[in-house]
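The values are calculated or read from the model by the stated rules, or taken from the named source; none is laboratory data. Worth saying up front: this structure is predicted, and the values here are computed from it rather than measured. Cβ coordinates were reconstructed from backbone atoms using ideal geometry, including for glycine residues, and neighbour counts include every protein chain displayed. Note: accessible area is taken over every heavy atom of the protein model, side chains too, but ligands, DNA and RNA are not part of it. Shrake-Rupley method; radii C 1.70, N 1.55, O 1.52, S 1.80 Å.
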Amino acid sequence: MSTDKDKQASNQMWGGRFASGPDAIMEEINASIDFDRKLYAQDIAGSLAHAAMLAKTGIISSDDCDKITHGLNTILSEIEEGRFTFSRQLEDIHMNIESRLAELIGPTAGRLHTARSRNDQVALDFRLWVKQELIRTDAALTALIAAFLDKAEIHAETVMPGFTHLQTAQPVTFGHHCMAYVEMFGRDRSRVRDCIERLNECPLGAAALAGTGYAIDRDQTAKALGFREPTRNSIDTVSDRDFALEFLSLASICATHMSRLAEEIVIWSTPQFGFVRLSDAFSTGSSIMPQKKNPDAAELVRAKTGRINGSLIGLLTVMKGLPLAYSKDMQEDKEQVFDAASSLELSIAAMTGMVRDMEIREDNMRKAAGAGYSTATDLADWLVREVGLPFREAHHVTGRAVALAESRSADLGDLSLADLQAINPAITDAVFSVLTVDASVRSRKSFGGTAPDGVRTQIAYWRQKL
């Protein structure tokens, strides 16, 4: 027989907040109510649809269905009004609601779990939550794209340097640069919609893993809950978390796009670039340097990408070695998704605000656009088009012209006709019409190019698409 001294020694072995022993550890590792309470609305919606289907198919009476419906609606009100007491001893949101339902309506509550399992119940709740989050993400991305379209329309002719390797390459318009992000976030939006299409199947009725012997109507519950159709394999249904992985995948790609944009905003807002000025709403000051205005919102959006990527890798790792069908490991799916969804939603909102509010410093952009011999390609193209040189020879002639201008600390347009003819006698004074940044961007008329008219065409296309 153990003595008090033995128990004390045992408790010291467990240590810390697990001093009470294995029971405390099991409760801590097993309970999910601290995070899956977020699924309360989806859980109640699924139970309401399930009860209605059980009554219609004659599996439970209409009187029992009415009592269950009334009880569930009461619980919904209690949770939304903050009057519901969640218990960790009841493990999860499903058992918390079921226990409270029994308190409200008595033994009739036990009929609700007929022809279902916690396995298909949690699959339903989680799938519903992710679907609703995807719908919110679609709306948020639409707003972000609209903010870029507005900026692009205003700045369809605003000249800025285009970069490769972060080195000045060719002049582009800021409107064209904005439309690059429209394309990127447009792909994100299409991934969101594709994900909704794939997950739009209802798990309810798969039960534990084999289906049920009751004559249920899965089409009825699928329709009631807004799904296209029921899932087609009960084993896959309870073990599938592709919808969560796909959400995290698209979230990671979208966050990466926002991180690239955030990086550009950070660079553009430096005094060395001075391309944009962020509003005070999305900036902070320094605690000791009064002259500073820090792009904290952009930096935090950039940092959130690592967090979202971590959630994807975390869930991929959870799922990678699981046999079919359900395993308790899958309880670790939700926190990753909840955290990533929160980070993504906040990041898109912050980025939309920054884009709408930021001031474009056109003079600085124009000045930078002409630096670094950005019209060199235009000179080479002119030599091909007007003089008939092969492009490789035109490239060589242009390189010599750039070297001459560089030796004089001058721009290409500052060279005289005599200087250029000394390099190639066939050059005429018509060449100077292509050596300005405005002429350069106007000449890029190919589909998808930076010419202002082309930018406006793409803006019109996207406005119609939205």
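None of R392, R463 is of a type in the set (K, R), touching a helix residue (DSSP H, G or I) at 6+ places or on another chain (Cβ under 7 Å) and at pLDDT 85 or above except R463. Looking only at region 262-279, residues that are surrounded by fewer than 16 Cβ atoms within 10 Å (Cβ to Cβ), out of contact with any strand residue (DSSP E or B) (no Cβ under 8 Å at 6 or more places or on another chain) and either outside the structural domain of I196 (by the TED database) or in contact (Cβ under 8 Å) with a residue 40 or more places away in the chain (or both) come to 1 in all. Taking G162 as the residue in question, decide whether it is surrounded by fewer than 23 Cβ atoms within 10 Å (Cβ to Cβ), among the small types (G, A, S) and not assigned by the TED database to the domain that holds D240. Against the criterion (surrounded by fewer than 23 Cβ atoms within 10 Å (Cβ to Cβ), among the small types (G, A, S) and not assigned by the TED database to the domain that holds D240), G162 does not qualify.
When we screen R198, R189 for residues that are among the basic types (K, R), under 30 Å from R118 (Cβ atoms) and not in a loop (DSSP other than H, G, I, E, B), the only hit is R198.
Residues in region 103-132 that are closer than 16 Å to C65 by Cβ and assigned to a helix (DSSP H, G or I): 10 in all.
E98: under 18 Å from Q42 (Cα atoms), in a helix (DSSP H, G or I) and free of Cβ contacts under 8 Å to residues at least 24 places away in the same chain, yes or no? Against the criterion (under 18 Å from Q42 (Cα atoms), in a helix (DSSP H, G or I) and free of Cβ contacts under 8 Å to residues at least 24 places away in the same chain), E98 qualifies. Is it the case that L315 is surrounded by 15 or more Cβ atoms within 10 Å (Cβ to Cβ) and modelled with pLDDT of 95 or more? So L315 fits the description; yes.
When the criteria are applied in full, D92 fails the requirement of being modelled with pLDDT under 95, open to solvent by 40 Å² or more (accessible area, probe 1.4 Å) and within 35 Å of the chain's Cα centre (by Cα).
Exactly one residue out of D363, D339, D333 is more than 30 Å from Q170 (Cβ to Cβ), open to solvent by 40 Å² or more (accessible area, probe 1.4 Å) and part of a helix (DSSP H, G or I), and it is D339.
Hey, does region 209-226 have a residue that's at positive phi and among the small types (G, A, S)? Looking through region 209-226, at least one residue is at positive phi and among the small types (G, A, S). Residues in region 320-330 that are part of a helix (DSSP H, G or I) and either of a type outside the set (K, R) or open to solvent by less than 20 Å² (accessible area, probe 1.4 Å) (or both): D329, M330.
Quick check: is even one residue across region 170-180 of a type in the set (A, V, I, L, M) and within 24 Å of K38 (Cα to Cα)? Within region 170-180 (the criterion being of a type in the set (A, V, I, L, M) and within 24 Å of K38 (Cα to Cα)), the answer is no, since none of the residues qualifies. F148 meets each of the listed conditions (1) in a helix (DSSP H, G or I); (2) of a type outside the set (K, R); (3) in contact (Cβ under 8 Å) with a residue 40 or more places away in the chain; (4) farther than 19 Å from I360 by Cβ apart from (4).
Right, S259: open to solvent by less than 50 Å² (accessible area, probe 1.4 Å) and either among the acidic types (D, E) or under 25 Å from the mean Cα position of the chain (by Cα) (or both) or not? Answer is yes for this residue. Given the criteria outside the structural domain of P203 (by the TED database) and closer than 28 Å to E332 by Cα, does M95 qualify? Criteria met by M95.
Candidates R189, R241, R193: the one that is assigned by the TED database to the domain that holds F163, open to solvent by 30 Å² or more (accessible area, probe 1.4 Å) and charged (D, E, K, R) is R193. Is it the case that some residue within region 126-142 is in the same structural domain as R218 (by the TED database) and in contact with a His (Cβ under 7 Å, 6 or more places away or on another chain)? Within region 126-142 (the criterion being in the same structural domain as R218 (by the TED database) and in contact with a His (Cβ under 7 Å, 6 or more places away or on another chain)), the answer is no, since none of the residues qualifies. Of the residues making up region 384-401, those that are open to solvent by less than 30 Å² (accessible area, probe 1.4 Å) and within 46 Å of the chain's Cα centre (by Cα) are A394, T398.
When the helices (runs of 4 or more DSSP H) confined to region 402-466 are screened for residues that are under 23 Å from A371 (Cα atoms), open to solvent by 40 Å² or more (accessible area, probe 1.4 Å) and in the same structural domain as V387 (by the TED database), those reaching at least 2 such residues are found at 417-423, 437-443. The condition (being at pLDDT below 95 and open to solvent by less than 50 Å² (accessible area, probe 1.4 Å)) is satisfied by just one residue among S286, S252: S286.
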